[in-house]
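Read through the structure below, which is laid out as structure tokens, and then see the notes.
The values are calculated or read from the model by the stated rules, or taken from the named source; none is laboratory data. Because the structure is a prediction, the values reported are computed rather than measured. Cβ atoms come from the backbone with ideal geometry, glycine included; neighbour counts cover every protein chain shown. Note: accessible area is taken over every heavy atom of the protein model, side chains too, but ligands, DNA and RNA are not part of it. Shrake-Rupley method; radii C 1.70, N 1.55, O 1.52, S 1.80 Å.
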Amino acid sequence: MIPIIFIFAEINIFIMIQRIQSLYLLIADVLIGLMFFMPFTGMAGKDGKLFLLYLSGIVTEGAANGNLEQKSWPVFILACVVMILLTMAIFQYKKRTRQLSISYITVILLVGLFSSIYFTSWKCNQILGGTYSMKMSFTFPIIAAVFVYLAIRGIAKDERLVKSIDRIR
């Protein structure tokens, strides 16, 4: 009995991923998930100490255990909320209007996440008084927002198709 349930779950997930907008949402979710493991800003203080800014906070570069110098809870919580909303949007594929509204909210939060990351990087650099450079993962929220926008277009296209078919009946 158990293998039948797993086969059914696997078929259901395969059907869900066949829709291109589900794939766009999955890519956006993976990008935000990668941000938890990659630094998005490298900073050098006046004294020459090197720091990395992760979602969890500022970490001293080169330290054996990665000393957390300062926590950045707002950025971390916002990234968690975005990731949860993206996951919810992926599994709302049967309820397109709900998926559409969750996706709109997610785009707004992704722009807010990008802004808060930029502000946190700028503020930490002001405190350290040195220089800073953005890493590749700094652009992940904007890239994810583009993928969510593409998903919104696909969801709206599906919704228009369903309404036109209902009109024909």
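A few notes on this one:
- Candidates SER115, SER133 - the one that is closer than 28 Å to GLY48 by Cα, open to solvent by 40 Å² or more (accessible area, probe 1.4 Å) and at pLDDT 90 or above: SER115
- THR41 vs. criteria in contact (Cβ under 8 Å) with a residue 24 or more places away in the chain and in contact with a Phe, Trp or Tyr (Cβ under 6 Å, 6 or more places away or on another chain): yes
- Residue within the stretch 87-109 that is aromatic (Phe, Trp, Tyr) and assigned to a helix (DSSP H, G or I) present: yes
- Residue check, PHE36 open to solvent by 30 Å² or more (accessible area, probe 1.4 Å), outside any strand (DSSP E or B), at pLDDT 85 or above and not aliphatic (A, V, I, L, M): yes
Here is a yes/no grid of residues against (1) closer than 28 Å to GLY48 by Cβ; (2) surrounded by 18 or more Cβ atoms within 10 Å (Cβ to Cβ); (3) touching a Cys at 6+ places or on another chain (Cβ under 6 Å):
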position	(1), (2), (3)
CYS124	yes, yes, no
SER137	yes, yes, no
PRO141	no, yes, no
ALA144	no, yes, no
ALA151	no, yes, no
ASP158	no, no, no
LEU161	no, no, no
ILE165	no, no, no
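- Of the criteria (1) out of contact with any Leu (no Cβ under 6 Å at 6 or more places or on another chain); (2) among the aliphatic types (A, V, I, L, M); (3) over 20 Å from LEU23 (Cβ atoms), which one LEU78 fails: (1)
- The set of residues in the stretch 38-53 that are farther than 16 Å from ILE143 by Cβ and among the aromatic types (Phe, Trp, Tyr) contains only PHE51.
- Some residue of the stretch 83-92 being at pLDDT 85 or above, open to solvent by 90 Å² or more (accessible area, probe 1.4 Å), within 19 Å of LEU26 (Cβ to Cβ) and in contact with a helix residue (DSSP H, G or I) (Cβ under 9 Å, 6 or more places away or on another chain): yes
- When LEU68, LEU55, LEU31, LEU25 are screened for being farther than 18 Å from SER115 by Cα, aliphatic (A, V, I, L, M) and modelled with pLDDT of 85 or more, only LEU25 passes.
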